[in-house]
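The structure appears right after this line, and notes come after that.
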There are 2 protein chains.
Amino acid sequence: MDSSTFEYALRLPNSLFKTNREKFFAAFKQKVTEHEKALIVFKGKDDLPVDDTDIDYSVRQESFFYYLFGVQETGCSAAIDITEEKVILFYPRFDEIYKLWMKVLSLEDVQELYPDFEVHFVDEMEEYVKDFSPSQIFINKGVNSDSGAETILPKFKWLEEHKVETELLHPILSECRVTKNPEEITILEIANKISSEAHCWTMKHCKPGVRESYLESKFKAYCMENYNCKIVPYVSICACGPNPSTLHYVVNSDILPDNTMCLIDMGHQVHCYGADITCCYPTNGKFTEKQAAIHNLVVKANRTVQNIMKPGVNWRDMHLLAEKITLEGLKELGIIKEDVDIEEALNERVGFVFQPHGLGHLIGLDTHDVGGYLPNTPTRSTKWGLKNLRTARDLEENMVITVEPGCYFIPSLIQERAVDLGIDIDKYVNLDLALEYRKEVAGVRIEDCVLITEDGVKNLTQVPRTIEQIEACMRGDDWTELPDFEI
Amino acid sequence: MDSSTFEYALRLPNSLFKTNREKFFAAFKQKVTEHEKALIVFKGKDDLPVDDTDIDYSVRQESFFYYLFGVQETGCSAAIDITEEKVILFYPRFDEIYKLWMKVLSLEDVQELYPDFEVHFVDEMEEYVKDFSPSQIFINKGVNSDSGAETILPKFKWLEEHKVETELLHPILSECRVTKNPEEITILEIANKISSEAHCWTMKHCKPGVRESYLESKFKAYCMENYNCKIVPYVSICACGPNPSTLHYVVNSDILPDNTMCLIDMGHQVHCYGADITCCYPTNGKFTEKQAAIHNLVVKANRTVQNIMKPGVNWRDMHLLAEKITLEGLKELGIIKEDVDIEEALNERVGFVFQPHGLGHLIGLDTHDVGGYLPNTPTRSTKWGLKNLRTARDLEENMVITVEPGCYFIPSLIQERAVDLGIDIDKYVNLDLALEYRKEVAGVRIEDCVLITEDGVKNLTQVPRTIEQIEACMRGDDWTELPDFEI
């Protein structure tokens, strides 16, 4: 199956989720031997009203629930009979009158949509579980290592009547999601292909005088009009002028000035499987010398890392490599002082001052996908920059991870905060020159989604990255025949 | 101030909310005489994470909070010293390190944004209230009459140490929001002007073969690219083929067939003040005879009602009038049997079978705005159709209300459900003919946002409504010089 023939507009095939489940069943049974007559119980996403009104936010299914069952509809619950490897789906029941407002499925309709499952209505769940009389019930309780927040737990009153196990499931399920099955990879390829096209489309429409939200709209409209994509996987960052150096700038309301850079961090998703891509380009389509220098530096870090990535390579090492390339480049430009020893600067965490975020993150059903830090993986560093890494794992085949080195000139960080952090900034950085650069390029991030293959990587993102490619794309010319960045 | 000179792209002026507050203070003091040294306490909207992840949904401020304070930022709380009519705003405090990710405001920045308020950080609220030592604290507890859900209550632990009054505030605040102040009206005019333009833009792009979501995208992109609008006020309904007869159809994924009608119910919002407009047109730009007949019938109901609306007119009467016009029209077409007495049919609730929703709703900060049913207003009817009305009030000057009569051919409702409801459908309806019509026009709704003036109405919505206007607009011709529907 390849991405061109994959039928995905309305929903993903049940087979994708069947494969996810098979992987999970095998992992679970290997780790948890005492599961005879056990049930695993999940609660899916409910509608999310806007405060006390009868209008709902557009929500997406909870990721673990979607991963195992492929059910997008709100209001469902599910149980897994782990011995039989059988899924029981509990679907919301609506009175006939609801047919006036929405499509109401009968149990037969639900069965047809989900032929692999035994289906019931949600109000039958308590009785079902009671009759099943499970030896124990596993629920998915755990903490997301990016947010620090706990998974949304099922809050069924009747759970109190059972022996409930809350520790074992989460690390197993999270680990399953760390590497992707072939159909998941195909979907992530499609999400990247569409997002790449949309980035090019957005780039072509960039011009001084429009608002940042104009670019946000161009991207979203491209995905929705051509590919039926209604929700993007994360809040859009469309930043120009000084804004790219604010890492989570999402206001997107400034008017694009001439002669500055845009930083556009947006992605499309195919039914929750998302892409995460950042492109940077001059608002007026033509790089200045300083803009090109910083842009090329970050592209070099991106491409160098990708060239080395393969199974077994450690992600923290890649982060340090990217920092090293950036600092070396800044030294060549005179922004890092000429007598600075780069290894020493790295150890002193000067890299953090120019890239105060991690090199990248696992991606899949969540933009910052689960499994970055688990009981069996390297722990989070306490050092600035390294502690910002969303994983410190060794790479494995079929991981999909973003590679997103950046270089930002953030006055408050360089001037004040670095001193608070104990970095002797005057020793390393030519502050005046850094601030000169900032006038033309506040920050650059070059972010691709990268699949780890048997012996290297495949870059799923295909957007213009060289100065020549970007300027050609912005002019409306064909850029795809121009060579990629060479390191 | 008129809508063409109103500066609103980034935020609404503080003066609008000051006027809202003055109205509220007067109303509160009239109703609540024992308020010496009382505080009113509100909790604003917090960020809304997607489940356990570190990605947030795009949220909007809670409407009562926004109405009184004009504060869009999440994480705020506020108190009102009712004796002094003074607002104390409590703003989130962020550590310096957050400057890397977002704009962090100092208290001086907050004060500059909100010069009418005394400003503190949220973590100072408990102490502030303790020092203030209020005689009692009022909070806004009440039930939304559209959703049946309770307002989001402040959950401060320290509230337990005070005398808290929960009954008085909600009906007073809700009543304030029922009629709009001049600046609110200007904003609603702008929202309608932009939404009207966007509907025309969408209409021009309609063609068989595209998906419903293509039209949704055209509308949203128009509002965002031209007017920086990032969130629409309600979930979009873009329905073609059989879908318009599903009232809350929001899937928007079908491909537009030739020779059917679209029903497009979408609105733009200006910082929470929204429009709600529905347009119906043939996918191929050319009405069939049956489509034109039903469309004109509903436009006639819409325009007839608007001609009669003025202060003092009862809304339930308008609903019944619209039903009457629809039933009379259906009788002329032969869909209602020729020997049917229309008054009798109205009494038997046959109108409900063809329009199973209310004629319209108050609109403002909420799409279904508050105040439809309050302790001092007519209560909800128990009869089908009439009980679907979101208000049964007499109209008042400066109310803004939607006028949205509809006519739908819903097989399950006509064939089965009507019988359940006790309606002798065979006596009234020529079922075969109704189903014939359904093939070409499953449902039509004509929805405008209408301001009640001193002696009549002003229709804030300006979209093509006659057959000639719509066909001209869809061809890309100027439709604005063509005459409006005449009744």
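Examine the stretch A:130-139 for a residue that is among the hydrophobic types (A, V, I, L, M, F, W, C), in a helix (DSSP H, G or I), within 14 Å of chain B (Cβ to nearest Cβ) and surrounded by 15 or more Cβ atoms within 10 Å (Cβ to Cβ), and state whether such a residue exists. Scanning the stretch A:130-139 turns up no residue that is among the hydrophobic types (A, V, I, L, M, F, W, C), in a helix (DSSP H, G or I), within 14 Å of chain B (Cβ to nearest Cβ) and surrounded by 15 or more Cβ atoms within 10 Å (Cβ to Cβ). Remark: pairs (first residue in the stretch A:281-308, assigned to a helix (DSSP H, G or I); second residue small (Gly, Ala, Ser); Cβ separation under 7 Å; 6+ apart in sequence or on different chains) = A:Leu297/A:Gly329; A:Val298/A:Gly406; A:Lys300/A:Gly329; A:Ala301/A:Ala322; A:Val305/A:Ala322. Only residues that are away from every other protein chain (no Cβ under 13 Å) and aliphatic (A, V, I, L, M) were counted in the stretch B:86-129, giving 10. Residue check: is B:Glu96 without any contact (Cβ under 8 Å) to a residue 12 or more places away in the chain and more than 27 Å from B:Ala26 (Cβ to Cβ)? Against the criterion (without any contact (Cβ under 8 Å) to a residue 12 or more places away in the chain and more than 27 Å from B:Ala26 (Cβ to Cβ)), B:Glu96 qualifies. With the structure loaded, tell me whether A:Ala472 is free of Cβ contacts under 8 Å to residues at least 12 places away in the same chain and either crowded, with 21+ Cβ neighbours inside 10 Å or within 20 Å of A:Cys262 (Cα to Cα) (or both) or whether it fails that test. Yes. Could you check the stretch B:219-235 and list, in sequence order, the residues that are assigned to a helix (DSSP H, G or I), at the interface with another protein chain (Cβ under 8 Å from one of its Cβ atoms) and either surrounded by fewer than 19 Cβ atoms within 10 Å (Cβ to Cβ) or under 21 Å from the mean Cα position of the chain (by Cα) (or both)? Hits for the stretch B:219-235 are B:Lys220, B:Ala221, B:Met224. Give me the residue from the stretch A:439-458 that is surrounded by fewer than 19 Cβ atoms within 10 Å (Cβ to Cβ) and out of contact with any Lys or Arg (no Cβ under 7 Å at 6 or more places or on another chain) and, out of that set, farthest from A:Asn284 (Cα to Cα). In this case the residue turns out to be A:Glu454.
Could you grab me the full set of residues in the stretch B:73-89 that are under 30 Å from A:Asp369 (Cβ atoms) and touching a Leu at 6+ places or on another chain (Cβ under 9 Å)? If the condition is that a residue be under 30 Å from A:Asp369 (Cβ atoms) and touching a Leu at 6+ places or on another chain (Cβ under 9 Å), then B:Glu73, B:Thr74 are the ones that fit. In the stretch A:439-457, what residues are over 13 Å from A:Asn302 (Cα atoms) and under 28 Å from the mean Cα position of the chain (by Cα)? Within the stretch A:439-457, A:Val441, A:Ala442, A:Gly443, A:Leu451, A:Ile452, A:Thr453, A:Glu454, A:Asp455, A:Gly456 meet the criteria.
Among the residues of the stretch B:201-211, those that are more than 9 Å from every other protein chain (Cβ to nearest Cβ) and touching a strand residue (DSSP E or B) at 6+ places or on another chain (Cβ under 9 Å) comprise B:Thr202, B:Met203, B:Cys206, B:Pro208, B:Gly209. Checked against (1) surrounded by 17 or more Cβ atoms within 10 Å (Cβ to Cβ); (2) more than 14 Å from chain A (Cβ to nearest Cβ), B:Ala198 passes all but a single condition, namely (2). Of all residues in the stretch B:148-158, those satisfying the criterion of being crowded, with 17+ Cβ neighbours inside 10 Å and facing chain A (nearest Cβ under 8 Å) are B:Thr151, B:Ile152. The set of residues from the stretch B:241-258 being in contact with an Asp or Glu (Cβ under 7 Å, 6 or more places away or on another chain), of a type in the set (Gly, Ala, Ser) and facing another protein chain (nearest Cβ under 9 Å) comprises just one member, B:Ser253. Mind listing just one residue for me: the one in the stretch A:94-114 that is of a type outside the set (A, V, I, L, M, F, W, C) and closer than 22 Å to B:Trp384 by Cβ and, of those, surrounded by the fewest Cβ atoms within 10 Å (Cβ to Cβ)? Here the answer is A:Asp95. Scanning the stretch A:36-72 for residues that are of a type outside the set (Gly, Ala, Ser), farther than 17 Å from A:Val370 by Cβ, under 25 Å from the mean Cα position of the chain (by Cα) and within 7 Å of chain B (Cβ to nearest Cβ) turns up A:Asp56, A:Tyr57.
Per the listing A:Leu10, A:Leu16, the residue uniquely among the hydrophobic types (A, V, I, L, M, F, W, C) and modelled with pLDDT of 95 or more is A:Leu16.
Considering every residue within the stretch A:181-195, establish whether at least one is over 20 Å from the mean Cα position of the chain (by Cα) and crowded, with 22+ Cβ neighbours inside 10 Å. Looking for residues that are over 20 Å from the mean Cα position of the chain (by Cα) and crowded, with 22+ Cβ neighbours inside 10 Å, one finds none in the stretch A:181-195, hence no. Look at (1) within 10 Å of chain A (Cβ to nearest Cβ); (2) under 19 Å from the mean Cα position of the chain (by Cα); (3) closer than 28 Å to B:Gln355 by Cβ and you find that B:Cys238 fails only one, number (1).
The values are calculated or read from the model by the stated rules, or taken from the named source; none is laboratory data. None of these values were measured; they are calculated from a predicted model. FYI the Cβ positions are ideal-geometry reconstructions off the backbone, even for glycines, and counts take in every protein chain you see.
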